[in-house]
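To start, the structure under review is shown below, and the notes come after it.
Values quoted throughout were computed directly from the atomic coordinates according to the rules given, and no laboratory measurement underlies them. All values derive from a computational prediction rather than experimental measurement. Note that we place each Cβ from the backbone using ideal geometry, even for glycine, and neighbour counts take in every protein chain shown.
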Amino acid sequence: MITLPFLILFPAAVAALLLLVASDSWRRLIVKAGALIIGIASLYLLFITPEAGPEFFPVAFEPLTGLMFLAEMVIAAFLIYLGIKYKKYLAIFLVLAQAALLVYFETTAAAGVHTVPNLFIDQFSLIMALIIGIIGSLICVYALGYMSTYQEHHPDVRDRRRTFFFLMFFFLSAMFGVVFSNYLPWVFFFWELTTLCSFLLIGYSGTGEAVNNAFLALNMNLLGGLAFAGALLYLAFVSPGGQLLEISTLIQSGHVVALVPAVLIAFAGITKAALMPFSAWLVGAMVAPTPVSALLHSSTMVKAGVYIIVRFAPVLTGTMEGLIIGLVGGFTFLLASAIAISQSNAKKVLAYSTIANLGLIVACAGVGTYKLVWAAILLIIFHAIAKSLLFLCVGTVEHRIGSKDIEDMTGLIVRMPKVAVMMFIGIAGMFLAPFGMLISKWAAIEAFIEAQFGLIFVAILAFGGSITVLFWSKWMGKIISVCPVATKVENGIPREKWIALSFLTAMTVFICLAFPVISSHLIEPFVLSVYGQTARLSQDNITIMAMMLFLLMIMPFSMLWYRKSTKVVPPYMAGRPTTPDMHFLGSMGVQRQVNLGNYYFEEVFGEKRLFMAGTALCFGLILLMGTLTAGVAL
Amino acid sequence: MILLENALLFIILAPFIGGLVAGIDRKLTARMQGRVGPPLLQPFYDVGKLLQKEQIVVTPSQHFYILSYLVFIVVSGALFFAGGDLLLVIFAFTLAHIFLVLGAYSSYSPYSFIGAERELIQIIAYEPMIILSAVGMYLVTKSFFVWEIMGSSLPLILYLPGVFLGFLMVLTIKLRKSPFDLSTSHHAHQEIVKGVTTEFSGPMLARVEIAHWYENVFLLGFIYLFFAWSPPVAILAIIIVYLLEILVDNTFSRATWKFTLKSSWIIAGMMGLVNLGVLYYLSAVVPV
Amino acid sequence: MSTLSKSPWILHYDASSCNGCDIEVLACLSPLYDVERFGIINTGNPKHADVLVITGGVNEQNREVIKNLYHQMPDPKVVVAVGICASSGGVFRECYNIVGGIDCLIPVDVYVPGCAARPESIIDGIVKALSILEEKKEKMALPVRVASGGEQ
């Protein structure tokens, strides 16, 4: 069984190669070939993943754990160096604390551990691997086109593309490591690698803002890492033999033993998934080049956070702590969606929508019944695809029109028709009926009703879901409004961008058609093997949704029918003579132009207000959870 | 279990019922205002006329959105009457409404643009309450399928009085009646001309009107569900509710968007959630 | 008689009227006259309207507006000039700023005289316009279609 270590090591190898290669044409070749191989290798996993239960592959190579410890120390030293350089003392403190815990773990607790660390794969790991392998590598391909334009547009940013692509591929490596490792200290190692990669990528441009935001991300994720390290220590003390350091045994060991480490790890997951009160780092990460945002939001980083929480859902379910984690997720969903209404920066809207959806996933995983875990995994899949598509679209638009403000995207359908249609499909994928995200939300409503205290979550979904409709549709409306005079600026988009965009658009639609198959072959077996029972949508509903999707796909052809037959008149301007580019004479004979701007409801859904509320609420909940867990632990 | 013949009946009959209801509505409104009012069949004359008019557009893509709007309204309504999943029906209606909003956005006209924004506010104002109504029905009947809710022998209204009141509140928004006819209205509407429908004319406007009829029949069907255990009571309830809506329509002046959003969320929260909470608590403690 | 004449929706435009005729036009909507009996609705929107009701004469300020409104109405459409000013310019005919009646700008189908025109005669004028509307509809159906007005 070579594919798992291959998937962990190969991207790292590609990354190392990219660090060495300076020539742009070679880089293009290596990135494309590497992405292709990673994509194929992750698809190959489909054929070797066992139907029932996870399969384990022991890695009997003794020095590996030692090497990882060494690497962690080197990373710590590196971070401390950067911390001193930029005078970020909180980061230094956190790194030191974490290093101290690790050293303590290695010197005292790990001595007694004599389990052979192993890699494993089951359907959930497989799903994650597919997301990382396919979407992640597509984003890397896209980054080729993006970064060359980026460097042209930002001459002040030092061209460190070698490091950039090194980090992108290394990130994939670390992510594969997170989802394939069964041995918790290894998960932790890869976990810290993702923190490091995201930290460096966010700070890529080196501006003051970028450095600050990078350190913000670092601090928050280190805080989570600290909790993770705490979980390792706790486990090492509870089971000196180290059997419980394996995820598979830990999950089966029941509430009494596993709850404390599960809560600690879930806390780490909450920081990584950028739920409130830790959402600020993901919003701040917007300063990074767009492919980084796409990577962070869809296939890596935040998905590692929700992955680990969904993994531990069987432990959390039915406990007070699980409910609180669920509530943190639920409130994050509600408030982040509301904040998204007040944002006009497309990347910020996407960021808040990501935070909201991660909140929803964590809400599902925290309450953690089998139906909810099913819904959570669906959400992970659909969100990854649609969100990466949207980020890449925004990145493309940004480079052509020079702005990522939604207000500047008026009439995108005229100016950049193909990209606008792709963006349209991506947005539809995020909230409209036969598309993925809505199916998952629907499944979540049905599942929450039966869960304990589920009514709170149903209410959150009812209100939060409709809020989502508002901010997506007004964005949609902006891009499809046909402004009469506009020049087309779609030429000159590099081919790499088109490849990634077309693939992701096709996948957004395809995944909706294929979702019954994905559910029955991947999600249901996983849920079945963990819980002994599984959820599914009824056959009738699947048929109806397939019909709706089909209808949606044929509706645009009605345009052909109406093509020529109708008379076109300008919009009603109260009878005022208006030029085709919407200029008219206002009162006192002043020439004015029509400018249509969306509502943002700053005073109702303002970022500051709601963020403060969310932070206070979720912080309180987490404190409560901490107290409860401490009570259990002591 | 999907009842295809019911869906077919809906598709054929709903425009007639919806048009007739609209006719009665206009007649009654006129009488309340001390006028004689138009003939009962006036809505059909209007749509007939619109279909005969020349089609003018601001942008040809309006056709696509409005046709999709009509088609998805019909599909969603048919799904409801076929006994489908109530949540899916609600989501399908949202999809349809998004098409109407997009149609308004596509024309780049100031009036329809404001109409579109207001329509979106209306959607977020009524949607939570509608979903909570479906959830309430689930809590009583243990099913989201309309045919099972229909077949339930329990008087839903006695279990869900708060939800029903909340639903009535948002029904006013859905029926485009004052005080919540923000985005477009049947009556003179000079402040944003005709809001969301400003730029639709001729046959396209006829399609919007027909879609509205279909939707109204669905809404009446939704009221029916609360009283499904006894059809005569249900029909009486529908008549009373609709009369009440007409009365409200003629009594109140138009509200602002803030008031609309706030009041409908507060009512949904107070009436709907409290009602559901009690039910939830009871079903957890005393199994029904 | 098709549904066309059972549902005439009007667009009322005050060109340069003294408001006398406008009050009478609005009086038609009141319970006393209740033009909705005939399916008549006052829409504020040329795109929905079948009948353009204009009061007052053409001046330099509203010239473009009238043309604009007229062109934004879908065929078939009729124009009713209400009051003497709309019909011919009336007492303002010789004013320096008045161009004349509405028919110097767009084709008018029905002239309703009066200063101000009485609601009865306004209703009468609109009902007369309806038969013209039907005629125009039939002309539209003819194979040879005359291009309707110049595009802007």
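Miscellaneous remarks
- Note on the range B:12-42: residues that are in a helix (DSSP H, G or I) and more than 9 Å from chain C (Cβ to nearest Cβ) total 19.
- Which numbered condition B:Gln52 misses (of (1) within 7 Å of another protein chain (Cβ to nearest Cβ); (2) crowded, with 24+ Cβ neighbours inside 10 Å): (2)
- Test: residue in the range A:128-151 that is more than 25 Å from the chain's Cα centre (by Cα) and either in a helix (DSSP H, G or I) or not polar (S, T, N, Q) (or both): yes
- Any hit, the range A:479-490, residues being polar (S, T, N, Q), within 13 Å of chain B (Cβ to nearest Cβ) and under 26 Å from A:Met582 (Cα atoms): yes
- Filter result for B:Ser263 (within 14 Å of chain C (Cβ to nearest Cβ), touching a residue at least 24 places away in the same chain (Cβ under 8 Å) and of a type in the set (Gly, Ala, Ser)): no
- Qualifying helices (runs of 4 or more DSSP H) (wholly inside the range A:174-253; at least 1 residues being aromatic (Phe, Trp, Tyr) and surrounded by 24 or more Cβ atoms within 10 Å (Cβ to Cβ)): A:184-202, A:208-238
- Filter pass, B:Glu127 being touching a residue at least 12 places away in the same chain (Cβ under 8 Å), more than 14 Å from chain A (Cβ to nearest Cβ), among the acidic types (Asp, Glu) and in a helix (DSSP H, G or I): no
- Residues located in the range B:131-142, provided they are over 12 Å from A:Gly465 (Cα atoms) and β-branched (Val, Ile, Thr): B:Val135, B:Val140, B:Thr141
- C:Pro76 assigned to a loop (DSSP other than H, G, I, E, B) and in contact with a Lys or Arg (Cβ under 9 Å, 6 or more places away or on another chain): yes
- Helices (runs of 4 or more DSSP H) contained in the range A:270-347 and holding at least 1 residues at positive phi: none
- Members of the range B:8-45 that are without any contact (Cβ under 8 Å) to a residue 12 or more places away in the chain and surrounded by 15 or more Cβ atoms within 10 Å (Cβ to Cβ): B:Ala30, B:Arg35, B:Gly37, B:Tyr45
- Neighbours by Cβ (under 6 Å, 6+ apart or cross-chain): first from the range B:193-204, facing chain C (nearest Cβ under 8 Å); second among the small types (Gly, Ala, Ser): B:Val193/C:Gly44; B:Thr198/B:Ser112; B:Glu199/B:Ser107; B:Glu199/B:Ser109; B:Glu199/B:Ser112
- Of the residues making up the range B:87-118, those that are more than 7 Å from every other protein chain (Cβ to nearest Cβ) and under 13 Å from the mean Cα position of the chain (by Cα) are B:Val89, B:Ile90, B:Phe93, B:Ala96, B:His97.
- Among the residues of the range A:207-243, those that are over 20 Å from A:Ala262 (Cβ atoms) and touching a helix residue (DSSP H, G or I) at 6+ places or on another chain (Cβ under 7 Å) comprise A:Glu209, A:Ala210, A:Asn213, A:Ala214, A:Phe215, A:Leu216, A:Ala217, A:Leu218, A:Asn219, A:Met220, A:Leu222.
- Within the range A:581-634, the set of residues being β-branched (Val, Ile, Thr) and either in contact (Cβ under 8 Å) with a residue 60 or more places away in the chain or closer than 28 Å to A:Ile479 by Cβ (or both) comprises A:Val594, A:Val604, A:Thr615, A:Ile622, A:Thr629, A:Val632.
- Helices (runs of 4 or more DSSP H) completely within the range B:179-285 that count 3 or more residues being closer than 30 Å to B:Tyr111 by Cα: B:203-226, B:231-251, B:257-267
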